[in-house]
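One structure below.
The values are calculated or read from the model by the stated rules, or taken from the named source; none is laboratory data. Being a predicted model, the structure only gives us computed values, none of them experimental. As a convention, Cβ positions derive from the backbone with ideal geometry for all residues, glycine included, and neighbour counts pool all protein chains shown.
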Amino acid sequence: MTIDNYFDQFGLPECFLIDTEALDAAFRVTQAAIHPDYFATADDAQKQQATRQSALVSQAWRTLKDPLKRAIYLLHLRGINVAAEENTAMPPDFLMDQLAWREALEAAATSKDQSTLHTLLEILREQQQERFAALANLLDAPPDPDIQAESAVRSTQAVRELMFIDRLVQTAELQLDELCQDQDE
């Protein structure tokens, strides 16, 4: 089994804003039908096939469940490679923001300032939400050949910025977790 389109797999429209409850329900129904536990008495080939199918369906679900992964996947379906590893060019204003966030995060972690870490995390999450809203407008807009190339560039830029912000959010959450663990000890 291969999954040609994750959206089709779960009977969802190919768009950024999806019904996550419908996604979860479709995932549960699909997993119930193919879960390896239901093939316990089957031969080894059938068990392996069920395991592969289950893994593919889980991967599709995780991709669509996560808004950043979903955006990257939608761009992929449209023939656009985000290529964030090779293309790290960013607008100067975003680079300045990123530098300020990193420095503030490092200073707050060094000084064990939970309040500042919480504030930074809130700011970063707001930045994520702003970019996700912009992506929804770009990715879910009706196709317009006159602005298709510009829309692709802006979508790709928003995704790359979100990838940076996501790493900062993860770092801030990790720093907060470590500070909480230190306090518990």
Revision key, fill the gap. A55 vs (1) surrounded by 14 or more Cβ atoms within 10 Å (Cβ to Cβ); (2) modelled with pLDDT under 90; (3) hydrophobic (A, V, I, L, M, F, W, C): all pass except (1)
Point to revise | Candidate set from segment 111-134 (those that are of a type in the set (D, E, K, R) and part of a helix (DSSP H, G or I)); member that is nearest to V82 (Cα to Cα) | key: R131
Point to revise | Test: Q157 is assigned to a helix (DSSP H, G or I), of a type in the set (S, T, N, Q) and under 17 Å from K69 (Cα atoms) | key: yes
Review point. Restricting segment 1-22 to residues that are assigned to a helix (DSSP H, G or I) and in contact with a Ser or Thr (Cβ under 8 Å, 6 or more places away or on another chain), which is nearest to A136 (Cα to Cα)?
Key: Y6
Point to revise | Members of segment 23-54 found to be hydrophobic (A, V, I, L, M, F, W, C), more than 18 Å from the chain's Cα centre (by Cα) and part of a helix (DSSP H, G or I), listed by number | key: A25, A26, V29, A32, A33, I34, F39, A45, A50
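Residue by residue, here is whether (1) under 21 Å from the mean Cα position of the chain (by Cα); (2) under 18 Å from R78 (Cα atoms); (3) in a helix (DSSP H, G or I) holds:
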position	(1), (2), (3)
F94	yes, no, yes
A104	no, no, yes
A107	no, no, yes
A136	yes, yes, yes
L168	yes, no, yes
